[in-house]
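Engineer: What follows is a single structure, and I will ask about it in a moment.
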Amino acid sequence: MRVLLVDDETEFVSTLAERLSLRGIDVDYATGVDDALAIASRKEYDLAVLDMKMPGASGLELKKQLAEKYPAMKFIFLTGHGSENDYLLGSSGSEYYLVKPINIDLLVSKMKEALARYGGSNV
Amino acid sequence: MGGAMSEHADHLGTQGLQFFGKVSASISHELKNVLAVLNENAGLMEDLSFAAERGKAIAPEQLQRISGNFSRQIRRADAILKVMNRFAHSVDHSRARIDLTELTTLVATLAGRLAAMRNITLDVIPPAEDITWETNPFLLENLIWLSLEKVMACSEGGGAVRFRLAKEAGEVVLSITAPIQLPADLVTNLPAGQVQLLSALAARLVLGPTGSELEIRLGCRESPAVGEEATGGEGKKG
């Protein structure tokens with residue numbers, strides 16, 4: 001499973017990447033939209049985990065850009081508040097979202113679920 | 001007349017609550033982010049300790065890095081809560097003599113996260129000498145916030161927004177300079193609540209000479225306490 005994490009909170013995203021890596025997941029991270037698009041262009045990712053609110057663009061806007069370029073990529077969203085979920089569900093059609101602070105086991109489970117449900121590399 | 005004054009107070013109260021709500025929501029987002037970082041670092045320590053139980057050595061620098069992350073986030077949360085506390089206490093007095101640079105800096109700090117989301121940086125340029133003003137602190141914070149929202153809404157491409165304070169011809173002028181030219185209609189057709197806010201503060205909102213500054217002009221007659229009879233939007237001179 002190749003995963004791209006995108007969140008503007010550097011300490012959050014770098015530590016989460018380290019933890020996922022300890023679980024055997026091939027993970028890279030970006031701290032902004034431009035950074036994410038550049039990294040995604042260099043390697044094939046099965047799944048992207050996107051923060052909903054980032055400077056310059058929302059997670060949904062980034063998802064749109066990534067999905068256009070990489071149609072096979074799956075997405076999971078991270079939100080700061082549960083109240084954003086209605087907006088998220090209504091706008092993206094995705095059921096994969098988690099509220100911060102996240103439970104890493106739940107995140108890994110959602111990753112596997114997303115790939116199993118829509119197809120993807122072996123987990 | 002009593003009815004009009006009551007309606008006036010209601011508009012100000014509703015607008016004030018909306019302002020309080022927006023600030024509270026922004027602060028809660030920031031604190032959520034702090035908790036998310038702390039949660040991941042606590043989780044990483046747990047992961048490393050499980051690995052150590054299985055015989056994998058933990059490098060001291062890993063623990064030092066995690067410890068550093070904890071300390072940074074605790075300092076960050078402390079700073080957020082100090083600002084929140086100062087803001088919460090701004091409703092303590094309906095009239096107080098305040099340092100305008102301090103008050104402007106407080107509003108800029110509160111709006112920092114929302115500005116960052118738009119790729120906007122906020123800079124408060126202090127005046128050569130301190131400028132104090134006797135007014136309703138919370139209402140003035142609300143006016144600065146609303147004015148900043150207008151400027152940020154026009155600054156779609158991001159950039160630097162600067163606050164400058166100056167004394168000018170008997171008025172105190174707080175200029176909020178945008179990275180772009182502001183539309184002329186920015187200071188016309190204001191919502192009723194904003195007109196009343198200006199009136200309560202004896203302030204007026206005008207575009208500056210270059211067209212990129214939104215100016216809050218506080219008139220010579222220092223603002224009445226809420227509930228006192230307020231004059232129109234134009235501050236009186238003299």
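Engineer: Summing both sides, how much accessible area is buried between A and B? Use a 1.4 Å probe and give Å² to the nearest 100.
Structural biologist: 2000 Å²
Engineer: Also: In nm, to one decimal, how far is the modelled label at residue B:46 from the one at residue B:134, with both set 7 Å along Cα→Cβ?
Structural biologist: It works out to 5.8 nm between the two label points.
Engineer: Over the stretch A:2-102, what is the percentage of antiparallel beta bridges among all DSSP beta bridges, to the nearest 5?
Structural biologist: 10 percent
Engineer: Given chain B, what percent of its DSSP beta bridges are antiparallel, to the nearest 5?
Structural biologist: Bridges in chain B that DSSP calls antiparallel: roughly 75 percent.
Engineer: Which of the trypsin sites (Lys or Arg not before Pro) found in the stretch B:1-90 are loop residues per DSSP with 12 or fewer other Cβ atoms within 10 Å of their Cβ?
Structural biologist: B:54, B:56
Engineer: Name the most mobile residue of B:28, B:175, B:155, meaning the one with the largest mean-square fluctuation, in a Gaussian network model of chain B with Cα contacts below 10 Å.
Structural biologist: Sorting by GNM fluctuation, first place goes to B:28.
Engineer: Taking all protein chains as present, what is the carbon and sulfur share of the accessible area of the stretch B:95-229, in % to the nearest whole number, probe 1.4 Å?
Structural biologist: That fraction is 52 percent.
Engineer: For the stretch B:36-84 and the stretch A:25-52, what is the centre-to-centre distance using only Cα atoms, to the nearest Å?
Structural biologist: Cα centres, the stretch B:36-84 to the stretch A:25-52: 24 Å.
Engineer: Then there is this: Please compute the per residue accessible area over chain B with all protein chains in place, 1.4 Å probe, rounded to a whole number of Å².
Structural biologist: Heavy-atom SASA per residue in chain B reads 48 Å².
Engineer: What is the gain in length, in nm to one decimal, between residue B:189 and residue B:18 on full extension, counting 0.36 nm per residue of separation less the C-alpha to C-alpha distance?
Structural biologist: This chain segment gains 59.6 nm when fully extended.
Engineer: For the pair residue A:106/residue A:69, report the inter-label distance in nm, with labels modelled 7 Å from Cα in the Cβ direction.
Structural biologist: Spacing of the two 7 Å Cα→Cβ label points: 3.1 nm.
Engineer: Then there is this: Which value in nm describes the separation of the simple spin-label points at residue B:94 and residue A:26, placed 7 Å from the Cα toward the beta carbon?
Structural biologist: 6.7 nm
Engineer: Here is a follow-up. Within 10 Å of each Cβ of B:29-37, how many other protein chain Cβ atoms are there on average?
Structural biologist: Neighbouring Cβ atoms belonging to other protein chains average 6 per residue here.
Engineer: Sticking with this one: Can you spot the lysines whose alpha carbon is less than 17 Å from residue B:150's alpha carbon? Ignore those fewer than 8 places along the same chain.
Structural biologist: Correct list for residue B:150: B:22.
Engineer: Compute the convex hull volume of the Cα atoms of the stretch B:34-175, divide it by the residue count, and report the result per residue in Å³ as a whole number.
Structural biologist: Roughly 146 Å³ of hull volume per residue.
Engineer: Could you calculate, for the protein assembly as shown, the ratio of the Cα radius of gyration to the Kirkwood radius, expressed as Rg to Rh?
Structural biologist: We get a ratio of 1.06 for the protein assembly as shown.
Engineer: Which whole number of Å³ per residue matches the convex hull of the alpha-carbon atoms in chain B?
Structural biologist: About 146 Å³ per residue, rounded to a whole number.
Engineer: Kindly work out what percent of the DSSP beta bridges joining two residues of the protein assembly as shown are antiparallel, to the nearest 5.
Structural biologist: Counting only bridges with both partners in the protein assembly as shown, antiparallel ones make up about 50 percent.
The values are calculated or read from the model by the stated rules, or taken from the named source; none is laboratory data. Note that the structure is a prediction, hence the values are computed from the model and not measured. Please note: Cβ atoms are built from the backbone with ideal geometry, for glycine as well, and neighbour counts cover all protein chains shown. All accessible areas refer to the heavy atoms of the entire protein, side chains included, with ligands and DNA or RNA removed. Shrake-Rupley method; radii C 1.70, N 1.55, O 1.52, S 1.80 Å.
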